[in-house]
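Following: one structure in C-alpha cells, then a few remarks.
Rule-based calculations on the coordinates, nothing more; no lab input. Remember, predicted model here, so these are calculated numbers, not experimental data. Neighbour counts are summed over all protein chains in view; Cβ atoms, including those assigned to glycine, are modelled from backbone coordinates with ideal geometry.
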Amino acid sequence: MLDPAAVPAHDADVSDEPGANRSEPPRRGLAGGRDRPPAADPATPAAVEALGLTVVRGGRSVLHDVALTVAAGAVTGLLGPSGCGKTTLLRSVVGTQARVRGRLRVLGLPAGDPGLRSRIGYVTQEPSVYRDLTIRQNLDYYAAVLGVPRRHRAAEVERVLGDVDLLDRAGALTADLSGGQLSRASLAVALLGRPELLVLDEPTVGLDPVLRRDLWRLFHRLADRHGVTLLVSSHVMDEADRCDRLLLMREGRVLADDTPDGLRRATGATTVENAFLHLVESGSEESEERGPR
Amino acid sequence: MTPPPPATPDGTAPALRARPVRHDSTAAHLARTTATARRVLRQLAHDPRTVALLLLVPVLLLILLRYVFDADRTGFSRIGASLLGVFPLVTMFLVTSIATLRERSGGTLERLLTMPLARGDLVAGYALAFGGLAVVQAALATGAAVLVLDLRLAGSPWLLLVVAVLNALLGMALGLFVSAFAATEFQAVQFFPAVIVPQILLCGLFVPRDSMQPVLSAVSDVLPLSYSVDGMTEVVAHPGVTANYVRDVIVVAAVAAAVLALGAATLRRRTP
C-alpha cells in the first residue's frame with residue numbers, strides 16, 4: 001500500500017480480522033486502499049449536489065450558501081460541532097426541511113421529490129421507532145409502508161436485523177432496549193428495502209467501540225458491495241478516518257470537502273481535528289481579507 | 001421462518017425492492033392503510049390495560065347511570081342513549097390526540113412521511129383501527145344498556161351503533177386536529193375540556209337545546225355532538241329510520257370527514 005500514515009483506519013481494522021465477517025471474503029484488504037474514492041472518477045455521478053443552499057429557521061440563517069457534492073457509492077462523513085447545521089443539511093437532503101433555498105439535487109431529482117421516498121433511508125438522532133412495539137413488529141410495519149411485498153417481508157426483516165446484530169433481541173419491546181440497541185433498531189428501519197442513499201444523523205453516538213467498528217464496517221460493506229451512498233454525520237472528529245470523504249462544517253458553512261488524507265495534506269495537519277482548527281483559523285483570516293463571498 | 005431468498009454469486013440476497021414500484025396504485029394505498037391499522041392495533045395489544053378501560057368503563061358508567069336514575073326510567077333511556085354517543089367521542093378524542101402527538105414528537109411521523117406513505121393512508125389506517133375498536137366498545141355498551149339495564153328504545157339498537165361509530169370517528173378527527181397545536185401530552189389532554197366539554201354541555205343532554213339562551217342555542221346548532229344526541233333521541237322515541245335521524249347521521253358523518261381532512265392537512269412532510 002501507500003504511505004502507512006495515509007491508510008485510513010477503517011482499512012486497518014477490517015484487514016486485521018479476516019475471519020470477522022464469516023460469509024464474506026476479506027475483499028476490503030484486496031481492494032487496494034479506499035483513499036481513491038469513487039468521486040475521483042468523473043464518470044461517477046454525484047449522489048447529492050448542492051449549490052447556494054440556504055436555510056433560515058426562526059429568523060436565523062442555519063445554512064449559508066452551502067455548495068457540496070456527495071460521491072455516489074462512498075461513505076461521506078459530515079463532521080462538525082453540535083449546532084453547526086448538520087441535521088438541517090441532512091433534513092434538507094431527505095426533504096423534510098421546510099424553507100430550503102438554492103439548488104439541491106438528490107439521486108438526480110430535486111430533494112423531496114416523491115420519487116425519492118423509497119430510495120432514501122434516513123435515521124434521525126431520535127430513534128424513530130414505536131416504543132410500544134417489538135423490534136420485529138416495527139420493521140414489519142415500515143417494510144409494508146415501503147412496499148416490500150408480503151412474501152419477502154419476513155426475510156427482509158431478518159436480513160436487516162442481522163445487519164445491525166439485533167437478531168437475538170428481535171422480539172423485545174423497543175421501550176426495553178438500551179440506547180445503543182434502540183439506535184440500531186432505528187438504523188435497521190433505514191436499511192429496509194435496500195435504499196440507494198442512506199442519510200444517518202449521528203448513528204454511532206453512545207455505542208461501545210466494538211459495535212461502532214461493526215457499524216462502520218457495515219457502512220463500507222453497503223457502499224462497496226451494493227453501491228449504496230452513505231452520508232453520515234458525527235460530531236466526533238475521530239470518526240473522520242473511517243470515511244471515504246469528509247465534509248467539515250462549522251456555523252452553517254462547509255469548510256472543506258475532501259478525503260481525510262487530502263485534508264491532512266492540504267492543511268499540513270496530522271489529525272482531522274487539527275485540520276479543522278487550521279481551516280477555522282485560516283478561514284476567519286481570509287474572510288476578513290476578502291469579505292463575504 | 002421463511003427460507004431466505006436465493007443468494008446471488010457474491011452471497012447476498014437479491015434486491016428485494018422490485019423496481020419500478022407503483023406507490024400510487026389503489027392496491028398500494030390499501031396495503032399501507034391496512035398495515036397502519038394493524039400496527040395501531042398491535043400497539044394497543046401491548047397495552048391491555050388501556051383496552052380494558054376503553055371497553056369496560058362505558059359499561060360501568062351506564063350501570064352507574066341506571067341506578068342514578070333509579071326512580072326515572074324514561075330519563076335513563078334518554079340520557080343513556082345519548083351517552084352511548086358521547087363515550088366513543090370522548091375516548092377516541094383522548095386516545096387519538098395522545099397517539100398522534102407521540103407520532104409527531106417521537107419522530108415516527110417524520111420518518112413515515114419520508115417514505116412512500118400518503119397522509120391519507122395514515123389517517124385511514126388510524127380510522128380503521130380506532131373505528132373497529134369503537135364498534136366493539138359501542139356494541140358492548142349498547143348491548144349492556146339494552147339487554148341488561150333495560151334501556152327502552154322504540155327503534156333498533158343498530159341505529160345507535162351507527163351513530164356511536166360515527167362519533168368515534170368524529171372524536172378521532174378532533175383529536176388528530178388538536179394534536180397539531182399541542183407540544184406536550186399535558187397540553188393535549190387540556191384540549192379535552194376546551195374542545196369536548198362545551199359540546200357535551202350544549203348538546204341537549206342536560207336541557208333541551210331550544211330552551212337555552214338564544215346565542216347558546218345557535219351555537220349548539222353548529223356543534224356536531226348536538227346532531228348525534230338528536231339522532232340518538234330519535235331512536236329512543238321513534239320506531240324505524242326517521243328523516244331527522246338520516247339528517248343527523250349525515251351531519252355527523254360530514255363533519256367527521258371534514259375535520260379528518262383538516263387533521264390530515266396538519267401532517268406536514270416538510271417542517272421548519
*Cα Rg, Dmax, the range A:170-271, angstrom units*: 15.3, 51
_Highest mean first, how do B:218-228, B:173-183 rank when packing is the count of other Cβ atoms within 10 Å averaged over residues?_
B:173-183, B:218-228
*Using only Cα atoms, find the angle between the long axis of helix B:48-68 and the longest principal axis of chain B, and express it within 0 to 90 degrees, rounded to the nearest 10.*
0 degrees
*Quick one: which residues, 5 or more positions from A:A98 or on another chain, have an amide H under 5 Å from its amide H? H modelled 1.01 Å from N in the peptide plane, none for Pro or chain starts.*
B:T271
_With both bridge residues required to lie in the protein assembly as shown, what share of the DSSP beta bridges run antiparallel, to the nearest 5%?_
55 percent
*What does the convex hull of the alpha-carbon atoms of the protein assembly as shown project to on average, in nm²?*
30.8 nm²
*Mind running the shape call on the range B:156-218? Use the C-alpha gyration tensor, a ≥ b ≥ c as the square roots of the eigenvalues: rounded below 1.5 for a/c, prolate if a/b tops b/c, oblate otherwise.*
oblate
*asked:* Can you give me the distance in nm between label points at B:T266 and B:S156, each placed 7 Å from the Cα along the Cα-to-Cβ direction?
replied: 3.6 nm
*For n ≥ 4 DSSP H runs only, could you compute -39500 (n - 2.57) per run for chain B, divide by its residues and tell me the 222 nm figure to the nearest 500?*
-23000 deg cm²/dmol
*Set the Förster radius R0 to 41 Å, insert the Cβ-Cβ distance between B:L61 and A:D168 as r into 1/(1 + (r/R0)^6), and round the FRET efficiency to 0.05.*
0.35
_Show me, bin by bin at 5 Å from 0, the whole-percent P(r) of the range A:70-162 based on Cα pairs._
2, 11, 17, 19, 18, 17, 11, 4, 1
*If you count, for every residue in B:101-111, the Cβ atoms of partner chains within 10 Å of its Cβ, what is the mean?*
5
*What FRET efficiency comes out for the pair B:A254/B:L41, r = Cβ-Cβ distance, R0 = 22 Å, nearest 0.05?*
0.25
*With no solvent and one point per C-alpha, what does the Debye sum give as log10 I(q)/I(0) for chain B at q = 0.15 Å⁻¹?*
-1.11
*Given the alpha-carbon gyration tensor of the range B:64-188, what are the semi-axes of its equivalent ellipsoid in whole angstrom, ordered largest first, with each equal to the square root of 5 times an eigenvalue?*
35, 15, 9
_Length added when fully stretched, B:T242-B:S217, from 0.36 nm per residue minus Cα-Cα_ = 6.7 nm
*How crowded by other chains is B:259-272, given as the mean number of beta carbons from other chains within 10 Å of each beta carbon?*
2
*Percentage of interatomic Cα-Cα distances in the range A:133-177 larger than 17 Å*: 26 percent
*Mind checking the dipole of the range A:91-132: about its Cα centre, +1 per Lys or Arg Cβ, -1 per Asp or Glu Cβ, Debye to the nearest 20?*
260 debye
_Euclidean distance of C-alpha centroids, the range A:116-149 and the range B:124-193, integer Å_ = 29 Å
*How much length is gained if the chain between B:T74 and B:D24 is pulled fully straight, taking 0.36 nm per residue apart and subtracting their Cα-Cα distance, in nm to one decimal?*
12.7 nm
_Sequence ranges B:39-46, A:203-210, ranked by mean other-Cβ count within 10 angstrom, highest first_ = B:39-46, A:203-210
*Computed FRET value (nearest 0.05) for B:F206 with A:V210, which takes r as the C-beta separation and R₀ as 41 Å*: 0.05
*Starting with the highest mean, order A:131-141, A:56-66 by the number of other Cβ atoms within 10 Å, averaged over the residues of each peptide.*
A:131-141, A:56-66
*With charges set only on the Cβ (+1 for Lys and Arg, -1 for Asp and Glu), what does the dipole of the range A:42-149 come to about its Cα centre, in debye to the nearest 20?*
260 debye
*In terms of the Cα gyration tensor, with a ≥ b ≥ c the square roots of its eigenvalues, is the range B:194-272 rounded because a/c is under 1.5, prolate because a/b exceeds b/c, or oblate?*
oblate
*asked:* Please list 3J(HN,Hα) in residue order for the range A:239-248, calculated via the Karplus relation 6.51 cos²θ - 1.76 cosθ + 1.60 where θ = phi - 60°; whole Hz, with x for glycine and proline.
replied: 8, 4, 6, 8, 9, 6, 9, 10, 10, 9
_Cubic angstrom per residue, convex hull over Cα atoms of the range B:141-266_ = 121 Å³
_How many angstrom lie between the Cα centre of the range B:25-48 and the Cα centre of the range A:200-268?_
37 Å
*Can you put A:M249, B:M212 in order, fewest other beta carbons within 10 Å first?*
B:M212, A:M249
